[in-house]
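The values are calculated or read from the model by the stated rules, or taken from the named source; none is laboratory data. In this text the structure is predicted, and so the values were computed from the model without any measurement. Using ideal geometry, Cβ is built from the backbone for each residue, glycine included, and neighbour counts are taken over all protein chains shown.
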Amino acid sequence: MRMMSQAVDATRIPELQEVVRAALSAAVAAGASAAEADASLQQGLSATVRLGEIETIEYQRDRGLGITVYFGHRKGSASTADLSAAAVLETAQKACAIARFTALDPCAGLADPALLARDIPQLELDYPWEISPDQAAALALRCESAGRAVDTRISNSEGGSVSTQRAVRVYGNTNDFLAGHTSSSHSISCVLLAADQRGMQRDYWYSTARDPLDLDVAEHIGQRAGERAVRRLGARRLTTRTAPVLFAPEVARGLFGHFVAAMRGGSQYRKASFLLGAAGQQVFPGFVQLQERPHLPKGLASSPFDGEGVATRDRALVTDGIAQGYVLSSYSARKLGLQSTGNAGGLHNLLVAPSRAGLDQAGLLREMGTGLLVTELMGQGVNGVTGDYSRGASGFWIEGGELAFPVEEVTVAGNLKDMFTRIAAIGNDIDERSGIRTGSVLVDGLTIAGE
């Protein structure tokens with residue numbers, strides 16, 4: 001194998017392919033009937049400032065190789081951060097040694113060769129950001145400074161940050177699959193604190209994108225963080241009640257994340273899902289449409305193939321409120337007697353359609369009339385087996401479709417299965433800063449626990 005260069009870009013793909021080939025050859029030479037390997041390189045820079053001073057400048061470089069081997073239906077895995085020829089050989093041999101002692105599992109094995117990605121689409125996932133540490137720090141300072149200038153009540157800061165990362169990944173297996181691609185991720189963020197005689201409040205804002213040209217202006221991010229912190233001043237608790245709840249887009253995506261988790265093959269075959277056997281059933285109201293779009297150019301969760309080399313494809317996950325199928329890897333598909341959906345490693349860009357055109361968050365507030373707008377959720381109070389949902393929340397109490405006062409230290413509770421059926425509307429204020437793209441979500445009749 002050739003000596004590795006230092007760049008993390010498309011020129012590294014042939015080198016990583018050589019590493020993967022060597023790993024597969026070593027596994028077969030050690031007696032494996034099948035093998036797969038995944039090699040990756042990552043490189044990043046981040047700058048953080050606080051109160052007008054540079055706090056940290058960090059460089060990050062990672063590399064790794066994971067090898068999984070099969071002796072019939074016995075499986076063994078090993079990994080290393082050393083990509084030298086000797087380390088690759090040793091790692092493959094360790095995986096083989098492990099496989100010889102594992103139990104037989106008839107569902108273990110490589111992905112079906114017929115499902116592998118043979119035509120690799122170009123998805124525009126890699127955009128370098130030629131930014132120096134000094135430039136990154138200066139940008140973070142501009143972001144934080146703009147936020148601190150919003151209001152005299154902004155008393156402190158948790159900092160402004162700028163981050164840039166690039167990665168190269170190559171996956172291969174002994175079913176004659178070998179492919180790789182590059183990707184990038186860039187972000188700017190700011191966290192600020194506001195204080196008055198009634199107390200202190202914290203809030204944030206951020207922008208993230210594959211292409212640095214798609215990032216929001218640093219000053220806008222800081223200003224938004226400052227405005228959000230100030231408007232939370234004077235927050236109060238509510239008495240316990242039942243009321244409509246509008247989840248802002250940045251927290252609404254979590255609701256659909258819980259749906260995806262419940263529909264994963266692992267949750268289904270382990271019988272650890274509140275939506276057990278839900279494929280073909282009405283899970284949401286008839287207006288809810290969820291689409292997976294793996295090939296969106298510049299998409300934050302776009303990918304030409306999944307973690308097993310299976311081709312990713314557009315699919316409807318929910319049509320007219322009816323769940324169309326599960327989220328499956330090869331293993332979970334075999335456990336369920338089904339076929340992989342190309343989701344080893346997760347879902348690729350879930351798009352949640354608005355319930356009707358022209359319905360923005362202001363329109364949803366008017367439609368709700370009186371209730372709670374949730375802008376932040378805290379805690380992990382979600383039971384994936386029963387669907388019980390109870391999370392700390394903060395936001396704003398709404399009266400007459402308008403913000404009445406900020407709210408803190410309340411708990412929003414219900415059961416996800418029931419909450420899904422109670423979705424009354426979905427807005428067009430779509431947040432694209434995630435692999436789940438959704439607008440605000442209005443849910444009727446949730447318990448709000450307070451004083």
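Can you tell me which residue within the stretch 331-349, out of those that are among the aliphatic types (A, V, I, L, M) and either over 18 Å from the mean Cα position of the chain (by Cα) or not in a loop (DSSP other than H, G, I, E, B) (or both), is nearest to Ala301 (Cα to Cα)?
Here the answer is Ala333.
Check Ser77 against each of (1) closer than 19 Å to Ala179 by Cβ; (2) modelled with pLDDT of 95 or more and name the one condition it does not meet.
The failed condition is (1).
Just a yes or no: is a residue in the stretch 275-292 surrounded by 16 or more Cβ atoms within 10 Å (Cβ to Cβ), in contact (Cβ under 8 Å) with a residue 40 or more places away in the chain, under 30 Å from Asp176 (Cα atoms) and within 18 Å of the chain's Cα centre (by Cα)?
Quick first cut of the stretch 275-292, residues surrounded by 16 or more Cβ atoms within 10 Å (Cβ to Cβ) only: 275, 278, 283-285, 288-292.
In the following step, the residues that additionally are in contact (Cβ under 8 Å) with a residue 40 or more places away in the chain were identified as 275, 278, 283-285, 288-292.
Pick out the ones that are also under 30 Å from Asp176 (Cα atoms) and you get 292.
Retained after the next criterion (residues that are within 18 Å of the chain's Cα centre (by Cα)): 292.
Checked against the condition, which is being surrounded by 16 or more Cβ atoms within 10 Å (Cβ to Cβ), in contact (Cβ under 8 Å) with a residue 40 or more places away in the chain, under 30 Å from Asp176 (Cα atoms) and within 18 Å of the chain's Cα centre (by Cα), the stretch 275-292 yields at least one hit.
Is there a residue in the stretch 215-229 that is in contact with a Phe, Trp or Tyr (Cβ under 8 Å, 6 or more places away or on another chain) and under 30 Å from Phe420 (Cα atoms)?
Looking through the stretch 215-229, at least one residue is in contact with a Phe, Trp or Tyr (Cβ under 8 Å, 6 or more places away or on another chain) and under 30 Å from Phe420 (Cα atoms).
All but one of (1) buried (at least 20 other Cβ atoms within 10 Å of the Cβ); (2) part of a strand (DSSP E or B); (3) over 25 Å from the mean Cα position of the chain (by Cα) hold for Glu55, so report the exception by its number.
Exception for Glu55: condition (1).
For the condition in contact with a strand residue (DSSP E or B) (Cβ under 8 Å, 6 or more places away or on another chain), more than 29 Å from Ser187 (Cα to Cα) and not in a strand (DSSP E or B), what is the one hit in Ala37, Ala22, Ala92, Ala26? Before the answer, list the steps.
Numbers: Ala37 fails: not in a strand (DSSP E or B); Ala22 fails: in contact with a strand residue (DSSP E or B) (Cβ under 8 Å, 6 or more places away or on another chain); Ala26 fails: in contact with a strand residue (DSSP E or B) (Cβ under 8 Å, 6 or more places away or on another chain).
One residue alone meets the criteria, Ala92.
Matching residues to (1) more than 27 Å from the chain's Cα centre (by Cα); (2) assigned by TED's automatic domain parsing to the domain that holds Ile67; (3) in a helix (DSSP H, G or I); (4) aromatic (Phe, Trp, Tyr):
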| position | (1), (2), (3), (4) |
| --- | --- |
| Ala111 | no, yes, no, no |
| Ala114 | yes, yes, yes, no |
| Gln122 | no, yes, no, no |
| Leu125 | no, yes, no, no |
| Trp129 | no, yes, no, yes |
| Ala137 | no, yes, yes, no |
| Ala140 | no, yes, yes, no |
| Gly147 | no, yes, yes, no |
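For the stretch 303-339, name all the residues that are of a type in the set (Ser, Thr, Tyr) and either in the same structural domain as Leu178 (by TED's automatic domain parsing) or surrounded by fewer than 22 Cβ atoms within 10 Å (Cβ to Cβ) (or both). Step through it out loud before you land on a result.
Step one: list which residues in the stretch 303-339 are of a type in the set (Ser, Thr, Tyr), which gives 303, 312, 319, 326, 329-332.
Within the stretch 303-339, Thr319, Tyr331 qualify.
List every residue pair whose Cβ atoms sit under 6 Å apart, with the two residues 6 or more apart in sequence or on different chains, where the first one lies in the stretch 430-450 and is under 30 Å from Asp214 (Cα atoms) and the second, anywhere, is in a loop (DSSP other than H, G, I, E, B) and among the charged types (D, E, K, R).
Pairs found: Gly439/Asp429; Ser440/Asp429.
So Ala81 ticks every box in (1) more than 17 Å from Thr174 (Cα to Cα); (2) in contact (Cβ under 8 Å) with a residue 40 or more places away in the chain; (3) touching a Gly at 6+ places or on another chain (Cβ under 6 Å) but one. Which box is left unticked?
In the conditions (1) more than 17 Å from Thr174 (Cα to Cα); (2) in contact (Cβ under 8 Å) with a residue 40 or more places away in the chain; (3) touching a Gly at 6+ places or on another chain (Cβ under 6 Å), Ala81 misses (2) alone.
Could you tell me which numbered condition His295 fails, if it satisfies all but one of (1) farther than 19 Å from Ile436 by Cβ; (2) out of contact with any strand residue (DSSP E or B) (no Cβ under 9 Å at 6 or more places or on another chain)?
(1)
Looking only at the stretch 151-163, decide whether some residue is in contact with a Pro (Cβ under 8 Å, 6 or more places away or on another chain), crowded, with 21+ Cβ neighbours inside 10 Å and either in the same structural domain as Ala23 (by TED's automatic domain parsing) or among the aromatic types (Phe, Trp, Tyr) (or both).
Let us first name the residues in the stretch 151-163 that are in contact with a Pro (Cβ under 8 Å, 6 or more places away or on another chain), namely none.
Taking every residue of the stretch 151-163 in turn, none turns out to be in contact with a Pro (Cβ under 8 Å, 6 or more places away or on another chain), crowded, with 21+ Cβ neighbours inside 10 Å and either in the same structural domain as Ala23 (by TED's automatic domain parsing) or among the aromatic types (Phe, Trp, Tyr) (or both).
Can you confirm whether the stretch 371-382 contains a residue that is in a loop (DSSP other than H, G, I, E, B) and modelled with pLDDT of 95 or more?
Here is the first cut: in the stretch 371-382, the ones in a loop (DSSP other than H, G, I, E, B) are 379-381.
Still in the running and modelled with pLDDT of 95 or more: none.
No, the conditions are met nowhere in the stretch 371-382.
Of the numbered conditions (1) closer than 30 Å to Gly222 by Cβ; (2) in contact with a Ser or Thr (Cβ under 9 Å, 6 or more places away or on another chain); (3) in contact (Cβ under 8 Å) with a residue 12 or more places away in the chain, Leu24 fails exactly one; give the number of that condition.
(1)
Going by the conditions given, is Gly387 more than 21 Å from Val318 (Cβ to Cβ) and touching a residue at least 40 places away in the same chain (Cβ under 8 Å)?
no
Residue-by-condition table, conditions (1) out of contact with any Ser or Thr (no Cβ under 9 Å at 6 or more places or on another chain); (2) outside the structural domain of Leu139 (by TED's automatic domain parsing); (3) farther than 30 Å from Gln339 by Cα; (4) among the hydrophobic types (A, V, I, L, M, F, W, C):
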{"position": "Gln17", "(1), (2), (3), (4)": "yes, no, no, no"}
{"position": "Ser33", "(1), (2), (3), (4)": "no, no, no, no"}
{"position": "Gly44", "(1), (2), (3), (4)": "no, no, yes, no"}
{"position": "Leu51", "(1), (2), (3), (4)": "no, no, yes, yes"}
{"position": "Tyr59", "(1), (2), (3), (4)": "no, no, yes, no"}
{"position": "Asp62", "(1), (2), (3), (4)": "no, no, yes, no"}
{"position": "Gly72", "(1), (2), (3), (4)": "no, no, no, no"}
{"position": "Thr91", "(1), (2), (3), (4)": "no, no, yes, no"}
{"position": "Cys96", "(1), (2), (3), (4)": "yes, no, no, yes"}
